[in-house]
Structure formats: structure tokens, C-alpha cells
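**Student:** Handing you this structure, nothing more for now.
The values are calculated or read from the model by the stated rules, or taken from the named source; none is laboratory data. What you see is a predicted model; the values in this text were computed from it and never measured. Cβ coordinates were reconstructed from backbone atoms using ideal geometry, including for glycine residues, and neighbour counts include every protein chain displayed. Side chains included, ligands, DNA and RNA excluded: accessible areas come from the protein's heavy atoms. Shrake-Rupley method; radii C 1.70, N 1.55, O 1.52, S 1.80 Å.
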Amino acid sequence: MSTHESPGAARPGHALLIRDLMLRVRTWAPGRTIQYRDRVTLTYREWLGRTARLGAWLGRLGVRPGDRVGVLDWDSHRVLEMFFAVPCVGATLHTVNVKLTPEQVGYTIRHARDTVLFVHADFLPLLAGIRGFLGMVRHVVVLADGPWEAPDGLPVAGEYEEGLGSVEPLASWPDLEEDTTATLFYTTGTTGDPKGVSFTHRQIVLHTLAATMTLAIYEEPMSLRASDVYMPLTPMFHVHAWGVPYIAVAVGLTQVYPGRYEPAVLLALMERHRVTFTHCVPTLLLMLLRHPASGTVDWSRLKVVIGGAALLPAVAREARERGICIVGGYGMSETCPIVAVSNLQPGLVGPGGRVEDEVDVITRTGFPLPLVQARVVDEEGREVPAGGEGVGELVLRCPWLTSGYVDDPAASERLWKDGWLHTGDGARIDADGYIRITDRIKDVIKIGGEWISSLEIEGVLARHPAVAEAAVIGAPDAKWDEHPRAEVVLRPGVAAPTPRELVRHLHAAVEDGVLHKRALLTEVVLVESIPRTSVGKVDKKRMRAALKSGG
Ligand code: ADP
């Protein structure tokens, strides 16, 4: 077929490829650095060379297009090398979630059919314990920060640095189809088996471009700049650290990779390397802000994107009081993940605007990114009009949503019912066009036929000065079907209120019209800690299970 007749897919330079996000930095910022803890400093020039060596070495290890390569590491320059080299040779990078149970880790490696595994020495004992799952794995490559020892019975092919040193860098990266699968990871799945979610080159490139536009173009409440120093605080195994490492390389940011997340180390790295841009779940930010060493950090240089859970006004205010620029983002594993960010719409806030306080806007869930279509539908799939009080399920369309779960057609069909991706999140779209998540649909509490948002009750409880954390689930109730049950962790060193006093605090919010009056049925239970998932989110499934079993 002549070029003239072809639809263009085969034309060189036409495909959207991760390779072409990477190569610009060769000449744009070759001398900028990528730091790993205080162990390794690489210029982009060196990092590109290592990435090209990795590309060549993957071939030597027998990795062919379509093969899956797993990595079990803390956040490092090495994983960043794999983010690019593995997809750019046409293979798929499986970022293994090391926080899952050993069986689930084994399940995901077997389900993904990983043939080569890159494994930090810290995880070799874990791997040795799940040998039974590793039938497909031909080579294990060790990532070491110090001395290591290979357990018996693993097909250890050697150590990463030695391997990189044993080959010449790849002279050029192949042309690929843009729909080649680039990455794969598993949702945390607190019930049932984890589900595999994958993304293509095209999806990652488009996500990178649209997320950069959104994070970097609007000045309010913050803007990513080319001069920023980036450090992830969302693990790289969790939705590619929200895709920000791809942005960082594409625009040539100075980067810092913190290894294992240890609060004192994170704070020291932030200060030593003058980190200015990061992203995390709210819990992690609060943990850092309240850490004994938090006074050693100049927070006023920091910009933070909060996601994975609602950015509550109390958290936003606490961060802003420390001088941090903060914004909220929304997404999920299946959405690559960023689909909405709570930028300030022009004219909305300030003198003459409809909203007085910025925090009221940045704590809205978010405004859809360019190319994202968002709507709210009722149980019959009918659209709930924006701008009203009606709540339904948020459904999405855009070019970077996963096409389905790996080898799970039934779950994929449910995800993509009626041609829209079903988020499982209850939401409304307000008159200004912002998405407002009201609840996980399954977390909505139905009290005597009325849906009450657990998030709203949590938000009010969190505003009580003695409350460190609060999580609300629906508890079975003979009279009301369900009532809200709040598990509350108190702040140390503050006069402890009784559960009854906390309910009185809810009462004030009901009188102010902030909460539905049925929220007064909340049962408050004081607890030492709230269960969390492997990525630090409140684990309501576990709370419900504990309640059911009388725990
Ligand atoms: P991530 O933690 O990266 O967002 P997950 O797939 O683990 O990805 O979780 C996605 C879910 O987290 C969403 O479906 C939603 O329930 C919740 N979530 C994410 N962002 C927000 C937000 N800004 N507000 C409320 N809930 C959120």
C-alpha cells in the first residue's frame, strides 16, 4: 500500500510513543539530575545512557515484544529507567504492588505471566516464600543498595548494575504501534483477587500531555513549573505514581526518588534537595506535617497535589497555614489516573466572585481535564442534570481510560456498561462544572430510605479539635436499615471528648444545615487506629468485615 492510501498508522512519527516523551530531554536538560535517596545522583545524560543499556540488556535476557517484565522495588531511579526502557522495547512493565499479601503478590506475578523480575534485595525473602507462583519466571535480577544474598531456588540472573555494565547501549528504540500495551498493575482489591489494569503507549502519552496542561497552565491555586524539583510521595507501583514521573522526564524536571517511604528520610530529602512539587494521599501529608521533624522543612516552597481520597477543608487549611500550595485531584487506577483537578476557575473566587474562600473551590473534587467527558447517571443509566442536587454514579469517557481488566471479560463489561467507564463513585456535577464526589457508591449509608454521605460526617468530625481521624461506615440497624458508625482516633495530648460530646458536635453541623439530620443517628466509637489499605487509604471493607464478625 502506498503512503497515500494508508490510513497513516504506519507513518513514522505518527504514533504516540513513550520513547518520544523521553528523548527530548537529551538536549533540553541533559545536565539536570535524578537523585536516589542520598546514594545515587545521575544527570539525565547518564540516566538516558543507562536506560538505553537496560533496553539492550532486556533483549539479552530474552525479553521479546509482548512479554511482561515485573519490578518489585521501592521508588528509585531504576524503576524510572524501567518505566521507559521496558515499554520502549515493546514489552509490558508490571509494577508489582509489594504491599499486597505475599499470596496476592504471587497471584499477580502468575496472572501477569511475568517472565523476568527485577527485585530489590529487600523482597528476595518474600519471593522465596512464593516460589510456587513463579513457574513462568525465567530470570530474577537483583536490585541492590548493599550486600545481598540469593535465597536457594530462585533463577537469579545477576545484579542490575553488573547487567547494565555488561552491554552496549541500544543504538535506537524501535518504532512500535501506539496501541502496544506499555504498563500493567493490579488494583489493591481488598476482596477477591486483585484485578489487572493496563495502559498503552497512546494512553500514557495523552495522559501525560493533558495532565501537564492542567497542572502547569493554571496559576491558581498552583502551577507546576519547569524549575520545580519533583519527588513522588505516591508509590511508583500505584498507577505509575499517578503518571507524574512521565511528566517529569518529558519536561526535564530535577527529580528525587526517596526509596522506601520512611517519614524522617522523606523530610530530610525534601529539605536537602529543596523539593518543590509532590503528590500524595491526605493521610501521608498529615503524617509528614505532624512528624516531630517536620519543623526542619521549609514547607513554603512546596506544591502538593492531593488525591486518592477527598481533600477535606481541614486538611487544606492545615497545609495552607504551613505555607503549602495545595490542590485536589481525582482519579482511580482504571483512569491512568488523573481525570479532574480542582484548579480555580476564572472569576469564581475573590472580590466579585461567587465564592469567597479559595478552600471552598480547591476542596471540590475537581474540574475535568481537557478531553475528559464526565456525567452522572442514575441506576437506569439516565443522566442526572448538572447543577442540581441530584446524585448518581460518575461515569467517564476519555482517551486514556483502561480498556478493561486483564483476562476478566465479565468485570470489564461491568466497568464499561453502556460505553462509559463506571467509577463506582457517587457524585454530582455542580453549576460551575466541577465534579463533586459525594461517596463511594458502596459507602453511601442508607438510613430509612435516605442516602447519607459518610464523607460529610467524616468531614464534620475531623473539624473537632480533639479528632485526629474519623472514618464512617454503615452499620446494620433494626429500625433504620443502617445507621452511621464512626470510628474515631483522638489526638494525643488534647482533653478527650466522650462519644456523646462528638455526637453533639454533629448536632451543631445539622443545625447549620451542613449535615442531614439523620446523621445524628451516628454511633461514635473511639479506636486506637483505623485500618488502611496497602496504599494508605481507609479500608472500609475491613471495617465492615470486623463489625460483622463482632470485632
Ligand atoms: P487512587 O488511589 O490513585 O485514586 P484507586 O483506584 O486506588 O486509585 O482509588 C480510586 C478511588 O479513590 C476513587 O474511585 C474514589 O473512590 C477515591 N478517590 C480518589 N480521588 C478522590 C477524591 N478527590 N475525592 C474523593 N474520593 C477520591
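**Student:** In degrees, nearest 10, range 0 to 90: what is the angle between the Cα axis of helix 102-112 and the longest Cα principal axis of the chain?
**Tutor:** For helix 102-112, the angle is close to 60 degrees.
**Student:** Of all beta bridges DSSP finds with both residues in the chain, what is the antiparallel percent, to the nearest 5?
**Tutor:** Roughly 55 percent of the beta bridges in the chain run antiparallel, per DSSP.
**Student:** Let me ask something else about it. For V527 and R24 in the same chain, what is the full-extension length gain: residue separation times 0.36 nm, less their Cα-Cα distance, in nm?
**Tutor:** 175.9 nm
**Student:** Could you state the accessible area per residue of the chain in Å², with a 1.4 Å probe and every protein chain left in place?
**Tutor:** Averaged over the residues of the chain, the accessible area is 42 Å².
**Student:** Turning to a different aspect of this structure: Go through the range 138-205 and name the chymotrypsin sites (Phe, Trp or Tyr not before Pro) that are in a DSSP coil and have 12 or fewer other Cβ atoms within 10 Å of their Cβ.
**Tutor:** The qualifying sites: there are none.
**Student:** Suppose the chain between D175 and T498 were pulled fully straight at 0.36 nm per residue; how much longer would it get relative to their current alpha carbon spacing?
**Tutor:** Full extension of this stretch gives 109.8 nm more.
**Student:** Please enumerate, by chain and number, the aspartates and glutamates with C-alpha under 18 Å from the C-alpha of K417, excluding those fewer than 8 residues away in the same chain.
**Tutor:** E334, D378, E379, E380, E383, E393, D407, D408, D425
**Student:** Right, something else. Could you please state, rounded to a whole Å, how far the C-alpha centre of the range 309-353 is from the C-alpha centre of the range 416-431?
**Tutor:** 20
**Student:** Along Cα→Cβ, 7 Å out, is where each label goes; now give me the distance between the ones at E162 and A150 in nm to one decimal.
**Tutor:** Result: 0.8 nm between the two label points.
**Student:** Using a 1.4 angstrom probe on heavy atoms only, work out the carbon and sulfur share of the accessible area of the chain in %.
**Tutor:** Its accessible area is 52 percent carbon and sulfur atoms.
**Student:** Take peptides 227-240, 251-264, 79-92 and line them up by average Cβ neighbours within 10 Å, highest first, as a rough protection proxy.
**Tutor:** 79-92, 227-240, 251-264
**Student:** How many nm is it between the label spots at D360 and T41, if each spot is 7 Å from the Cα in line with the beta carbon?
**Tutor:** It works out to 4.8 nm between the two label points.
**Student:** Sorted by packing (mean other beta-carbon atoms within 10 Å per residue), highest first, where do 307-314, 40-47 land?
**Tutor:** Order by mean packing, descending: 307-314, 40-47.
**Student:** Need the full-extension length gain, E219 to R260, defined as separation in residues times 0.36 nm minus the C-alpha distance. One decimal, nm.
**Tutor:** 11.5 nm
**Student:** Something else: List every residue whose amide H lies under 5 Å from the amide H of V281, counting only residues 5 or more places away in sequence or on a different chain, with H placed 1.01 Å from N in the peptide plane.
**Tutor:** Counting only residues 5 or more places away or on other chains, the set is G307.
**Student:** Considering only protein heavy atoms, with the full assembly of protein chains and a 1.4 angstrom probe, order H120, H464 by accessible area, largest first.
**Tutor:** Most to least solvent-accessible, the answer reads H464, H120.
**Student:** Could you report the accessible area of S534 in Å², rounded to 10, computed with a 1.4 Å probe on the protein chains as they sit in the structure?
**Tutor:** About 30 Å², rounded to the nearest 10.
**Student:** Which order do the peptides 375-384, 537-546 come out in when sorted by mean C-beta neighbours inside 10 angstrom, highest first?
**Tutor:** 537-546, 375-384
**Student:** Which Rg and Dmax, in Å, describe the Cα atoms of the chain?
**Tutor:** Cα radius of gyration and Dmax of the chain are 23.9, 79 Å respectively.
**Student:** Separate question: Using only helices, what value at 222 nm comes out for the chain when you add -39,500 (n - 2.57) per DSSP H run of length 4 or more and divide by the total residues, to the nearest 500 deg cm²/dmol?
**Tutor:** -8000 deg cm²/dmol
**Student:** Can I ask one more? Give K99/K537; K479/K548; K99/K303; K479/K537 a once-over and call out the pairs whose C-alpha atoms are over 22 Å from each other.
**Tutor:** K99/K303; K479/K537
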